[in-house]
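What follows is calculated from the coordinates using simple rules that are stated; it is not laboratory data. Quick caveat, the model's predicted, so the values are computed rather than measured. Backbone-built Cβ (ideal geometry, glycine too); neighbour counts: all protein chains shown.
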Amino acid sequence: MGALLETVLGQTTAIETLLRGLAARKTHHAYLFEGPSGVGKERAAFGLAQALVCEARTEQGTACGTCSACERAVPLDGALPRHPDVIVLQRGLYDPSQIGRKSPESREISIDQVRTLVLSRSAFPPHEGLAKVFVIRDADELSVSSANALLKTLEEPTSRTHFVLLTARKAALLSTILSRTLALRFGHLASSVVAKILVGRGVEQAAAEAAAELSGGSVEVALALTDPDARSEVESFVARMHEARVSPDAGLGYSLAEEGKKGKSELPSLLAGLSISLAKAANDATRAGDFEEAVKSTVRFDLVEQAIVKLRGNGSAQLVMEALVIGLRAT
């Protein structure tokens, strides 16, 4: 298994902050790991949890990576952690009957989940005595009532209780949640880092580099692009979007808006390819001294990034695509 926190690549500032806290035995009680999907936030969260529950922490406060607690703190193959003091919250993760509901959580992390997994345990010490860590995936999906229910516990947790909230949409969180957490930013990864991670997962070097170039700095997107057909689809989509933006025929743009019918699962990888293409265009224009075009490319880049964020939220895929096409044609 190994010490997971030290395997997070490309996030030097965030990881060094966590390591300093562990070394000083002053880990914050509530962190907000914010940044794009697929850049290491979750790996860092479970790496921190591993260090906090480790039975044989190093002199620097890091996890030994080999004890029973370290092995049980990290989820394997999408399963939940086997350690009783590492608790995960996520919309739809649990059967409704497990959290006292009659229906599934279709849109939000419900107050039932917070009551069952957090509030019912908040007054009790860790099961195994070292630390209790709550990891909240997609924390921006907390309902207003569930977020409010967390506030007092976030502000004044019991001893040895820690929270790690993960989000790609920091702006969607309540200000009261933001004020009670210490935010650590996880940025887009360099293409070389993405390629290195893919190679480490068994992807052939050339395929890893090609996928990384179109990934927008996300390992999640890059993995989806390791399929040559998927990569070809992204390249075709990017070319057609650029053509639709400058074409006098609005019909091409509206036909591309139909891509929204693909649904949310495929669109982020397509848009990530467009995003990185626009970022490159902005850089090229700046180097050439064409600052007007650089500004326009940056505006287009921002439009695409906003569309990706909306897709990862509750935005209608087709409406998001229609608005994006209109916005790009207007710039």
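Quick notes on this structure:
- Per-selection Kirkwood Rh - the stretch 273-331 (Cα, Å, 1 d.p.): 11.8 Å
- Averaging over all projection directions, the Cα-based convex hull of the chain occupies 18.4 nm² in the image plane.
- Degrees between helix 228-246 axis and first principal axis of the chain (Cα, 0 to 90, nearest 10): 50 degrees
- Viscosity 0.890 mPa s, 25 °C: Kirkwood-radius Stokes-Einstein D of the stretch 227-330 over Cα pairs, µm²/s: 177 µm²/s
- Unsatisfied cross-links (Cα-Cα over 20 Å) in the set Lys41/Lys296; Lys132/Lys170; Lys41/Lys170; Lys170/Lys310; Lys26/Lys132: Lys41/Lys296; Lys132/Lys170
- Ratio of Rg to Rh over the stretch 171-255 (Cα coordinates, Kirkwood Rh, two decimals): 1.17
- Helix axis angle, 267-287 relative to the chain longest principal axis, alpha carbon, degrees: 70 degrees
- Extreme residue, positive dipole direction of the chain, given options Gln90, Thr153, Val114 (C-beta unit charges): Thr153
- Net dipole in debye of the stretch 227-330 [+1 Lys, Arg Cβ; -1 Asp, Glu Cβ; about Cα centre; nearest 20]: 280 debye
- Note on the chain: GNM, Cα springs under 10 Å; of Ser68, Ser297, Ser275, the largest mean-square fluctuation is that of Ser68.
- Normalised by 2.2 N^0.38 Å, with N the number of residues, the alpha-carbon radius of gyration of the stretch 4-185 equals 0.97.
- For the stretch 141-290, the Kirkwood radius over C-alpha pairs fed into Stokes-Einstein at 20 °C and 1.002 mPa s yields D = 116 µm² per second.
- When +1 charges are put on Lys and Arg Cβ atoms and -1 charges on Asp and Glu Cβ atoms, the dipole computed for the stretch 4-185 relative to its Cα centre reaches about 300 debye.
- Ellipticity estimate at 222 nm from DSSP helix runs (n ≥ 4, -39,500 (n - 2.57)) divided over the chain, nearest 500: -15000 deg cm²/dmol
- DSSP-assigned coil residues among trypsin sites (Lys or Arg not before Pro) in the stretch 188-258, each with at most 13 further Cβ atoms within 10 Å: Arg201
- Cα centre as origin, Lys/Arg/Asp/Glu Cβ charges: the chain dipole, Debye: 1080 debye
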